[in-house]
Amino acid sequence: MGYLLMIFLAAILTHNIALTYLLGMCPFVALARNLKTAFGMSIAVIFVVTLTAAINWPIYHLILLPTGSELIYYIVFIVVIAASVQFVEMVMERFFPPLQAAFGIFLPLITVNCVVLAVSLFLVLREYTYIQSLVFAIGSAIGWMIAIVVVAAINEKLNLVGDVPKGLKGPGIIFIIAGILALAFMGFGGMVAIK
Amino acid sequence: MLLKKIFGSKGNKTIKNALWYNHPIFSMCLGICSALAITNKVDNAIAMGAGVSFVLIATSIIISPLRKLIPQRVRIISYMITISSFVIIVDMFLKAFFPVISVKLGPYVGLIITNCIIMGRAEAFYSQNKTGLSILDAVSNGISFTVTLIVVAVIREILGFGTLLGYKVTPGGWENWVIMAMAPGAFFVYGVLIWIYGEITSR
């Protein structure tokens, strides 16, 4: 139990997937301009990351490893991710139309969000058990959400005050804000340690 | 002028777009995950740049001739499968010949699959243009990406470790800027480079 909590906290604070591993940056830069979009996207990410981790772990350990075909795990993982994103989209369209209208545009984008694939790859590299994998997946997704929401909020406030140099507007200033936030997150270092 | 003579006006435009006007990293902000994460050492940057360029070129050779055969609805997943097959080749190549770099790059080799440059070029260019032009586009985007990675890695390695490709280049008494070798350094270097690019292009 203690170790699970440690994995969870490490994934959010000390080993934040956006600010330490620099993953999921493409949607990060594109969406961190608006607080509402950033929040919508990160809810969708939490959902998809947990779902794909829950599917990919059994596939890797129960099918690929016993048959000695772990070489092709990249292909298998990416197909699982693309398929589950498509499936979630279809289910939502059929049963929860308002929800689909709310994050409809984010779902197709998630397939190429590095966070989703990265979490699945980390599960394999760090040899987590099933429960640890789920906790790590949720923690990483929440960590990503915290990073993007904070950056989006700072960016919105900054635009109100507005004195950003012309060439720095847009992606440039988001990088600088994220850099300062990453510095701040380094302050959590040493709080929890995982391998 | 010379480029126009060799590649024709369309090819000339493709090259110029990839190298400057639609620069994959600075102008479109594509593929920055791997670009940010591995640029603390120059040798990592070269390996990653070469890997991404190889996958780009190979993908363009496969997808562009097949662009009329791939059904519209399943195109994304077929691009993904093509890309990930080549990424597996890159992964095995690095493991066999450069085991040290392979360990250092870790999961980031696999993450070439979700590198948006490849997906973005496949969707925007290779699915609509002739094979020759697509390969030209892949080569110039690959060069553009690799050069940017190397520039960032040179800055970060000199400031963060005081070395260049492992050789010491800084004078005695140099204090390493540890932050440059870590995540915040990547953000700051890219932010400043994008700023410079933005100032030049908006003029």
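The values are calculated or read from the model by the stated rules, or taken from the named source; none is laboratory data. Values in this document were obtained by computation on a predicted structure and should not be read as measured data. Cβ sites come from the backbone with ideal geometry, for glycine too, and all protein chains shown count toward neighbours. Please note that ligands, DNA and RNA were not included when accessible areas were found on the heavy atoms of the full protein model with its side chains. Shrake-Rupley method; radii C 1.70, N 1.55, O 1.52, S 1.80 Å.
Looking at (1) touching a Ser or Thr at 6+ places or on another chain (Cβ under 9 Å); (2) basic (Lys, Arg); (3) within 30 Å of B:Met182 (Cβ to Cβ), which is the only condition B:Lys104 fails? Every listed condition holds for B:Lys104 apart from (1). Here A:Thr50 meets each of (1) without any contact (Cβ under 8 Å) to a residue 12 or more places away in the chain; (2) more than 14 Å from chain B (Cβ to nearest Cβ); (3) not hydrophobic (A, V, I, L, M, F, W, C) with one exception, condition (1).
Taking residues in region A:66-86 that are within 11 Å of A:Val48 (Cβ to Cβ) and at the interface with chain B (Cβ under 7 Å from one of its Cβ atoms), and partners anywhere that are open to solvent by 60 Å² or more (accessible area, probe 1.4 Å) and not hydroxyl-bearing (Ser, Thr, Tyr), not one pair has Cβ atoms closer than 6 Å while being at least 6 places apart or on different chains.
Quick check on A:Gly179: is it open to solvent by less than 20 Å² (accessible area, probe 1.4 Å) and without any contact (Cβ under 8 Å) to a residue 24 or more places away in the chain?
Values: open to solvent by less than 20 Å² (accessible area, probe 1.4 Å): yes; without any contact (Cβ under 8 Å) to a residue 24 or more places away in the chain: yes.
Yes, satisfied.
Screening region A:11-70 for residues that are open to solvent by less than 10 Å² (accessible area, probe 1.4 Å) and touching a Ser or Thr at 6+ places or on another chain (Cβ under 6 Å) and picking the one that is nearest to A:Lys169 (Cα to Cα) gives A:Ile17.
To keep it simple, each residue is scored yes or no on (1) touching a Lys or Arg at 6+ places or on another chain (Cβ under 8 Å); (2) open to solvent by 20 Å² or more (accessible area, probe 1.4 Å); (3) within 14 Å of chain A (Cβ to nearest Cβ).
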| site | (1), (2), (3) |
| --- | --- |
| B:Asn44 | yes, no, yes |
| B:Met48 | no, no, yes |
| B:Gly51 | no, no, yes |
| B:Phe54 | no, yes, no |
| B:Ile63 | no, no, no |
| B:Lys68 | no, yes, no |
| B:Met80 | no, no, yes |
| B:Val90 | no, no, yes |
| B:Ile112 | no, no, yes |
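Does region A:94-103 contain at least one residue that is within 13 Å of chain B (Cβ to nearest Cβ) and assigned to a helix (DSSP H, G or I)?
If we filter region A:94-103 for residues that are within 13 Å of chain B (Cβ to nearest Cβ), which is where we start, we get none.
No, the conditions are met nowhere in region A:94-103.
For region B:70-97, a residue qualifies if it is within 21 Å of the chain's Cα centre (by Cα) and among the charged types (D, E, K, R), and the qualifying residues are B:Asp91, B:Lys95. Would you mind finding the one in B:Phe187, B:Phe145, B:Phe161 that is touching a Phe, Trp or Tyr at 6+ places or on another chain (Cβ under 6 Å) and either of a type in the set (A, V, I, L, M, F, W, C) or open to solvent by 20 Å² or more (accessible area, probe 1.4 Å) (or both)? Residue meeting the stated conditions: B:Phe187. Got at least one residue in region B:17-24 being within 14 Å of another protein chain (Cβ to nearest Cβ) and under 19 Å from A:Cys114 (Cα atoms)? Checked against the condition, which is being within 14 Å of another protein chain (Cβ to nearest Cβ) and under 19 Å from A:Cys114 (Cα atoms), region B:17-24 yields at least one hit. Restricting attention to region B:92-105 and to residues that are touching a helix residue (DSSP H, G or I) at 6+ places or on another chain (Cβ under 8 Å), open to solvent by 20 Å² or more (accessible area, probe 1.4 Å) and aliphatic (A, V, I, L, M), the residue that is nearest to the other protein chains (Cβ to nearest Cβ) turns out to be B:Met92.
In region B:24-42, how many are farther than 14 Å from B:Met119 by Cα, open to solvent by 10 Å² or more (accessible area, probe 1.4 Å) and assigned to a loop (DSSP other than H, G, I, E, B)? Total meeting the criteria: 4.
Being surrounded by fewer than 18 Cβ atoms within 10 Å (Cβ to Cβ), within 13 Å of another protein chain (Cβ to nearest Cβ) and in contact with a Leu (Cβ under 9 Å, 6 or more places away or on another chain) is the requirement here; does B:Gly120 meet it? In short, yes. The numbered conditions (1) modelled with pLDDT under 90; (2) surrounded by 21 or more Cβ atoms within 10 Å (Cβ to Cβ) are all true for B:Lys10 except (2). In region A:114-195, counting only helices (runs of 4 or more DSSP H) that sit wholly within it, the ones holding 3 or more residues that are within 11 Å of chain B (Cβ to nearest Cβ) span A:114-125, A:171-186. When B:Tyr108 is tested against the conditions (1) open to solvent by 30 Å² or more (accessible area, probe 1.4 Å); (2) aromatic (Phe, Trp, Tyr); (3) modelled with pLDDT under 90, the lone failure is (1). Could you tell me whether any residue of region A:88-97 is in contact with a helix residue (DSSP H, G or I) (Cβ under 9 Å, 6 or more places away or on another chain) and among the acidic types (Asp, Glu)? Yes, some residue in region A:88-97 is in contact with a helix residue (DSSP H, G or I) (Cβ under 9 Å, 6 or more places away or on another chain) and among the acidic types (Asp, Glu).
Here B:Phe93 meets the list (1) farther than 18 Å from A:Val112 by Cβ; (2) part of a loop (DSSP other than H, G, I, E, B) almost entirely, failing just condition (2). Of all residue pairs spaced 6 or more apart or on separate chains, those with beta-carbon atoms under 6 Å, a first member in region B:1-18 that is within 18 Å of B:Thr201 (Cα to Cα) and a second member that is modelled with pLDDT of 80 or more and of a type outside the set (A, V, I, L, M) are B:Thr14/B:Asp137; B:Ile15/B:Ser140; B:Ala18/B:Ser140; B:Ala18/B:Asn141; B:Ala18/B:Ser144.
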